[in-house]
Structures are given as C-alpha cells and as structure tokens.
1. Looking at GLY78, GLY52, which one is modelled with pLDDT of 95 or more and within 19 Å of SER6 (Cα to Cα)?
2. Of all residues in segment 59-79, which are crowded, with 16+ Cβ neighbours inside 10 Å and touching a residue at least 40 places away in the same chain (Cβ under 8 Å)?
3. Cβ-Cβ under 7 Å, sequence separation 6+ or interchain: first residue in segment 101-130 and closer than 20 Å to CYS22 by Cα and at pLDDT below 95, partner open to solvent by less than 10 Å² (accessible area, probe 1.4 Å) and in a helix (DSSP H, G or I). Which pairs?
4. Look at segment 130-139 and say how many of its residues are open to solvent by 40 Å² or more (accessible area, probe 1.4 Å) and polar (S, T, N, Q).
5. Only residues that are assigned to a helix (DSSP H, G or I), surrounded by 13 or more Cβ atoms within 10 Å (Cβ to Cβ) and β-branched (Val, Ile, Thr): list them for segment 1-58, please.
6. Please count how many residues of segment 67-106 are of a type in the set (A, V, I, L, M) and more than 20 Å from HIS51 (Cα to Cα).
Amino acid sequence: MVRTKSTPCVGICSTTYGDLVCRGCKRFAHEIVAWNGYAAEQKAHIWKRLHGLRDQVVTQLLRVQDTAQLEAYCQAAGLPATAEPANVHQVLGHLVARGGMLSEAGLVCSESQHDVAALEVLQRLDAEVFSRSVAHYERNFRVTS
C-alpha cells in the first residue's frame, strides 16, 4: 500500500458537527479523535479499510475503455500508467483538477452511456464510499438502546 500522507484527513471534518463518520476522510469519529495515539498497525488497518472501500467503488463505477489512451494520459500527467483502482482514482482526481471528461483518459462510467465529466463521477464515488463507511460503522460499532 503506497501512501504519501500521514493522515487520511482532507480538511473537511464533519464529525465536528456530530457525524459519526466524517464526510471528508470517511473515518469514524473515534478514529479521528484517537488517530495521533494509534500505533502504526492500527493506522495501517484504517488505511486498508479506506483504500479497500475506495477501490471497490472505483472498480464498480469506472472501466478502462482504451488502455493505450489511459497510458498516454498517465504518461503526459506523470501518473502511474496502470489500470489498478488506486491509479484510476488518481487519474480521476487529475481529470477533475483540469475540468476534464472521462474519455480524455480512456475511461467510461459504468452507469452511463455517454461521456461524463470527471467531477460528476468523483462526486458519485465519494457519496458511495461515504454510504459504505456509514454502513460499516453501523454494522460494527453502533450501539442500539
């Protein structure tokens, strides 16, 4: 697992407003509070869950239609030229930053028959990862009275 950040935080913390799962980084409130006290193994476990959820949704939402075009886009952007979900997610972020369409990188959205703006797909992806994070929290941590 490759990561360059020491924390999943993206600076948009909704736990401040009472959410049990952060809408920004998708960590649970108790994970955010305790993050600095966690051992490396605990942090790695959380990273693995977050990346796993992201990769599941990327695999379901996006498909490489043109491998050569993806490789050319990645080369021009200085990104890894593979169809691995983590790399496709990087490509999606790069497209969003440029205001691009999926077709520019040889990608298509599984849910659409036409070319889609990368931002629209990133928003769908983010919402689905959040939904799955909430479900995971409720299944494993929620205490009912």
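The values are calculated or read from the model by the stated rules, or taken from the named source; none is laboratory data. Given the structure is predicted, the values throughout are model-derived calculations rather than measurements. When we count neighbours, we look across all protein chains shown, and the Cβ atoms used for this are built from the backbone with ideal geometry, even at glycine. Note: areas computed on protein heavy atoms with side chains; ligands, DNA, RNA excluded. Shrake-Rupley method; radii C 1.70, N 1.55, O 1.52, S 1.80 Å.
1. GLY52
2. LEU61, LEU62, VAL64
3. No pair meets every condition.
4. 1
5. THR15, ILE32, ILE46, VAL57, VAL58, listed by residue number.
6. Number satisfying all stated conditions: 9.
Condition check ((1) loosely packed, with under 15 Cβ neighbours inside 10 Å; (2) among the charged types (D, E, K, R); (3) over 12 Å from VAL57 (Cα atoms)) across all residues:
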{"site": "VAL88", "(1), (2), (3)": "no, no, no"}
{"site": "GLY93", "(1), (2), (3)": "yes, no, yes"}
{"site": "SER103", "(1), (2), (3)": "no, no, yes"}
{"site": "SER112", "(1), (2), (3)": "yes, no, yes"}
{"site": "LEU119", "(1), (2), (3)": "no, no, yes"}
{"site": "GLU128", "(1), (2), (3)": "no, yes, no"}
